[in-house]
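The values are calculated or read from the model by the stated rules, or taken from the named source; none is laboratory data. Predicted, not measured: the structure shown is a model, and the values here were computed from it. So basically every Cβ, Gly included, is an ideal-geometry build from the backbone, and we count neighbours across all protein chains shown. Surface accessibility is based on the protein's heavy atoms, side chains included, excluding ligands, DNA and RNA. Shrake-Rupley method; radii C 1.70, N 1.55, O 1.52, S 1.80 Å.
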Amino acid sequence: LAQQRLLIKGGKVVNDDCSVAADVYVEDGVVQKVGPNLNPEPSTGLVVLDATNKLVIPGGIDTHTHMEFPFMGSRSKDDFYTGTKAAIAGGTTMIIDFAIPQKGCSLIEAFDTWKSWADPKVCCDYSLHVAVTWWSNKVKEEMKTLVQNKGVNSFKMFMAYKDVYMVNDEELYAAFSCCKELGAVAEVHAENGELIAQGAKKMLAMGITGPEGHELCRPEEVEAEATQRAITIANAVNCPLFVVHVMSKSAAKVISNARREGKVVYGEPIAASLGTDGTNYWNKDWAHAAAYVMGPPLRPDPSTPGFLMSLLANDDLSVTGTDNCTFDICQKALGKDDFTKIPNGVNGVEDRMSVIWEKGVYSGKMDENRFVAVTSTNAAKIFNLYPKKGRIAVGSDADIVIWDPKATRTISAKTHHQANNFNIFEGMVCHGVPVATVSRGKVVYEGGAFNVIAGEGKYVSRPPFPPYVYKRVRQREQV
């Protein structure tokens, strides 16, 4: 309770639609005033942060993380404590993680399990998407309960990971229809799981067992085909679609074209696809190559990150996540003789904001307002958190970052706060650094030092029918 009152002085407040020189006054975790030369009384007990020559931006919202995720015979290294602590060090004040049930298992039990892992550990606010990995009337009823009683408004379907999480087109149609009825956003991991399974067999039969086999058996047309199919099915039931981790030019083009045709679809490139590429799979050092293995894979075409950033800048792609799902070198070594057994996942939760500033704003592709839109505001709008999150305005949650656009940092596994011993952005120099992070009105990170305890973050409920997404959908229904 020590930090009930906070004044951020002398900065430039940047929202997605405008930037103004203004002070920000916060009380009880909520923004009370935004304006020039604020002098709240009494001055005793007031914490003041100087933001002169710096930007004051809404805290980042990472739409895609997998903390302490049991996957492929291992469990991701970042738990909800180290993962959210790394997030706030990087300027992210909210994550949306995934509760993923096994086939045949209860969605509600999965939700409760993930929440029980997160609640005692989170250092910033969080929410949960829930995966639909099989279909039945029970699943349909549970989706309804999750939307109406648990604050879930997004469900993810896997078109890959055959025999583990993958659903077929009929199940996709049913799940999308259900999302539409409930006012939820349907999400897909878009890759053709059948083609991947056949491709993997073919690679192994040819004696290709290393990390490069992972990319070779799931080339980008496999991602583009599934993206097209998901958009077609969603459009058939008039359901809004959110394509997670867009990794290739061809999948991005499919989304871009669909948006131009007026389809309600959103694409989420991630820090990895915007900041590095798949040439690393051919690195002579096995551990280095394996560290980049994720699904869908990074693409060997080195012009991919720049292409995706351009589409993100002009609104063909909408938001950014990280798919932060870290496995260390020992865990990756489960696949030393067979690339299909390398646990899929990379880091990013701490680096996303700086990587996007460097590759997007510093490079001149986007301005500071678009940066705020793609790192925070659009996510808040799509998942119905806005304007409590994703904006600095009177009444908004005080999730705020003081951002120094001139400062630089060099990303390295030696200095990052993620639990992993490898960083896929190793050595990248980034302009744009968070100087201080405020979560719910408390300064939780400043000048490299943390002031936060496990469990201080809160679970955030997300109501159904986000207006930003569903206004058009409802109108089309009526017409």
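Counting only helices (runs of 4 or more DSSP H) that sit completely within the range 79-157, those holding 3 or more residues that are under 26 Å from I356 (Cβ atoms) correspond to 80-89.
Residues of the range 352-377 that are touching a strand residue (DSSP E or B) at 6+ places or on another chain (Cβ under 8 Å) and not aromatic (F, W, Y): R352, M353, S354, V355, E358, V361, E368, N369, V372, T375, S376, T377. Annotation: of all residues in the range 243-264 being of a type outside the set (D, E, K, R) and under 15 Å from A313 (Cα atoms), the one that is nearest to the chain's Cα centre (by Cα) is V246. Restricting attention to the range 158-198, the residues that are in contact (Cβ under 8 Å) with a residue 40 or more places away in the chain, outside any helix (DSSP H, G or I) and among the hydrophobic types (A, V, I, L, M, F, W, C) add up to 8. Scanning the range 173-202 for residues that are touching a helix residue (DSSP H, G or I) at 6+ places or on another chain (Cβ under 7 Å), under 14 Å from A236 (Cβ atoms) and of a type in the set (G, A, S) returns a single hit, A186. Filtering A413, A436 for residues that are assigned to a loop (DSSP other than H, G, I, E, B) and open to solvent by less than 50 Å² (accessible area, probe 1.4 Å) leaves a single hit, A413.
Restricting attention to the range 454-470 and to residues that are within 16 Å of G29 (Cα to Cα) and buried (at least 16 other Cβ atoms within 10 Å of the Cβ), the residue that is nearest to the chain's Cα centre (by Cα) turns out to be V460.
The residue that is farthest from G73 (Cα to Cα), counting only those in the range 299-343 that are polar (S, T, N, Q) and surrounded by fewer than 23 Cβ atoms within 10 Å (Cβ to Cβ), is N314.
Of note, T82 does not satisfy the criterion of being touching an Asp or Glu at 6+ places or on another chain (Cβ under 7 Å), crowded, with 18+ Cβ neighbours inside 10 Å and touching a residue at least 24 places away in the same chain (Cβ under 8 Å). Looking across the range 312-343, the residues that are under 16 Å from the mean Cα position of the chain (by Cα) and within 20 Å of G267 (Cβ to Cβ) come down to L312, L317, S318, V319, T320, G321, T322, D323, N324, C325. Within the set K144, K138, K121, K162, the sole residue that is basic (K, R), touching a helix residue (DSSP H, G or I) at 6+ places or on another chain (Cβ under 7 Å), over 25 Å from N344 (Cβ atoms) and open to solvent by 10 Å² or more (accessible area, probe 1.4 Å) turns out to be K144.
With respect to K12, determine if the residue is surrounded by 18 or more Cβ atoms within 10 Å (Cβ to Cβ), in contact (Cβ under 8 Å) with a residue 24 or more places away in the chain and either touching a helix residue (DSSP H, G or I) at 6+ places or on another chain (Cβ under 6 Å) or within 30 Å of T326 (Cβ to Cβ) (or both). It is false that K12 is surrounded by 18 or more Cβ atoms within 10 Å (Cβ to Cβ), in contact (Cβ under 8 Å) with a residue 24 or more places away in the chain and either touching a helix residue (DSSP H, G or I) at 6+ places or on another chain (Cβ under 6 Å) or within 30 Å of T326 (Cβ to Cβ) (or both). In this structure, does L38 turn out to be open to solvent by less than 50 Å² (accessible area, probe 1.4 Å) and in contact with a Gly (Cβ under 7 Å, 6 or more places away or on another chain)? In short, no. One residue alone among D17, D50, D28 is of a type outside the set (S, T, Y), open to solvent by 70 Å² or more (accessible area, probe 1.4 Å) and touching a helix residue (DSSP H, G or I) at 6+ places or on another chain (Cβ under 7 Å), and that residue is D17.
In the set (1) surrounded by 20 or more Cβ atoms within 10 Å (Cβ to Cβ); (2) of a type in the set (S, T, N, Q); (3) within 20 Å of N423 (Cβ to Cβ), T227 fails one condition alone, (3).
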